[in-house]
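Visitor: Next up is a structure, given as structure tokens.
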Amino acid sequence: MNWRTKVKMLVFVVGRGGSTAPLLSSSGAPNYLDLCPPSGYYPTKKRKGRLPVKARLFLPFAFFALFAFPIASIKAATVVTFDDLSETASGSFLANGYQGLDWNNFGVLNAVLFSNTFGLNGAYYGMVSASNVAINAAANPAEIDSVGAAFNFLSSYLTGYSFSNLNIQVQGFSGTTMLYNTTVVASATSPTLFTFNYLNIDRLTFASFGGQDAGFVLGGNFGPHENFIMDNFTFEFVPEPSTFLLTGAGVLTLCAFRKRKRA
């Protein structure tokens with residue numbers, strides 16, 4: 001055994017805290033098994049660009065916030081068909097809170113039963129999904145409100161109840177400020193899909209006027225009047241600011257992760 005081997009053995013003994021375990025085998029050769037590091041000990045190199053533990057724990061939440069929010073936004077739009085309500089030919093007023101909105105002077109009726117009882121009219125022709133439709137009672141202005149949350153009014157099918165070329169004025173408000181004002185012309189014999197895209201409003205008003213008698217023969221005291229028929233009302237609530245903040249936090253975390261990874 002040369003002097004270099006003896007020096008290495010001496011250094012290892014000092015490194016082991018002065019252990020007196022034999023460093024030589026019975027033949028006098030170095031005991032290489034005892035010179036090896038303890039079982040399970042493997043020195044690791046410091047990895048560059050590794051995120052702190054807290055950041056790594058937050059990373060799954062960042063991915064969730066980044067990808068779940070767009071999916072939630074896509075699914076947020078609600079199509080109100082009014083078909084989940086149990087209705088008869090006489091109809092009834094829409095109750096506040098239906099679909100999370102407040103309804104003022106909007107009635108709902110079963111278009112099939114109503115037409116079978118009083119004759120064909122715009123309620124039947126304006127039915128998109130069987131079998132309920134909404135109507136502005138007594139042809140007076142009607143209103144939809146959202147309390148505590150803004151919403152986007154996207155589109156709706158509109159039809160004249162007994163007047164062709166019926167004018168329907170639709171206004172969107174945020175508080176007392178009118179943001180949108182559109183007048184559309186509806187047929188009495190087929191539903192027309194009107195796209196509005198009124199964004200970030202909390203109040204929506206409808207007023208119908210004008211047009212010409214469509215010639216429907218209606219029984220009772222049900223026409224002709226300047227009512228309008230509405231079906232498949234499509235809207236979505238505006239996400240809370242906290243949702244955008246969560247998404248922003250996810251984006252920033254992912255950017256930091258990519259930056260550290262490239263370092």
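Visitor: Arranged by the count of other C-beta atoms within 10 angstrom, fewest first, what order do Asp213, Asp84 take?
Guide: Asp84, Asp213
Visitor: If each residue of separation counts as 0.36 nm, what is the full-extension length gain between Val185 and Phe237 once their alpha-carbon separation is subtracted?
Guide: 16.0 nm
Visitor: On a full-extension model of 0.36 nm per residue, what is the gain between Thr192 and Ser129, subtracting their alpha-carbon distance, rounded to one decimal in nm?
Guide: Additional length available on full extension: 21.4 nm.
Visitor: Compute from the Cα atoms of the range 77-238 the Rg and the Dmax, the latter being the longest Cα-Cα distance, and quote both in angstrom.
Guide: 14.7, 44
Visitor: Only counting other Cβ atoms within 10 Å, I'd like Met178, Met230 sorted with the fewest neighbours first.
Guide: Listed from fewest to most nearby Cβ atoms, that is Met178, Met230.
Visitor: Label points 7 Å out from Cα along the Cβ direction at Ser90 and Asn140: separation in nm?
Guide: Between Ser90 and Asn140, the label points sit 2.0 nm apart.
Visitor: Report the gain in length on full extension from Met178 to Thr78: 0.36 nm times residue separation, minus Cα-Cα distance, nm rounded to one decimal.
Guide: Contour length minus the Cα-Cα distance gives 33.7 nm.
Visitor: Then there's this: At a threshold of 8 angstrom on Cα-Cα distance, excluding pairs fewer than six apart, so keeping six or more, what relative contact order does the range 78-216 reach in percent?
Guide: Once divided by the residue count of the range 78-216, the mean separation gives 25 percent.
Visitor: Going by C-beta contacts inside 10 Å, put Leu101, Leu193, Leu120 in order with the fewest on the left.
Guide: Leu193, Leu120, Leu101
Visitor: Could you compute the net charge surrounding Arg203? Neighbours are other residues with a C-beta less than 11 Å from the C-beta of Arg203; K and R count +1, D and E count -1.
Guide: -4
Visitor: I've got another one for you. According to a simple spin-label model (label point 7 Å from Cα along Cα-to-Cβ), what is the distance in nm between Leu199 and Asp213?
Guide: 4.5 nm
Visitor: While we're here: Applying the Karplus parametrisation 6.51 cos²θ - 1.76 cosθ + 1.60 with θ = phi - 60° to the phi angles of the range 163-177, what ³J(HN,Hα) value in whole Hz is obtained for each residue in order, glycine and proline being reported as x?
Guide: Result, rounded to whole Hz: 10, 7, 6, 6, 7, 10, 8, 10, 10, x, 10, 10, x, 9, 8.
Values in this text are rule-based calculations from the coordinates and carry no lab data. Computed from a predicted structure; not experimentally measured. Reconstructed Cβ throughout: ideal geometry from the backbone, glycine too, with neighbour counts over all protein chains shown.
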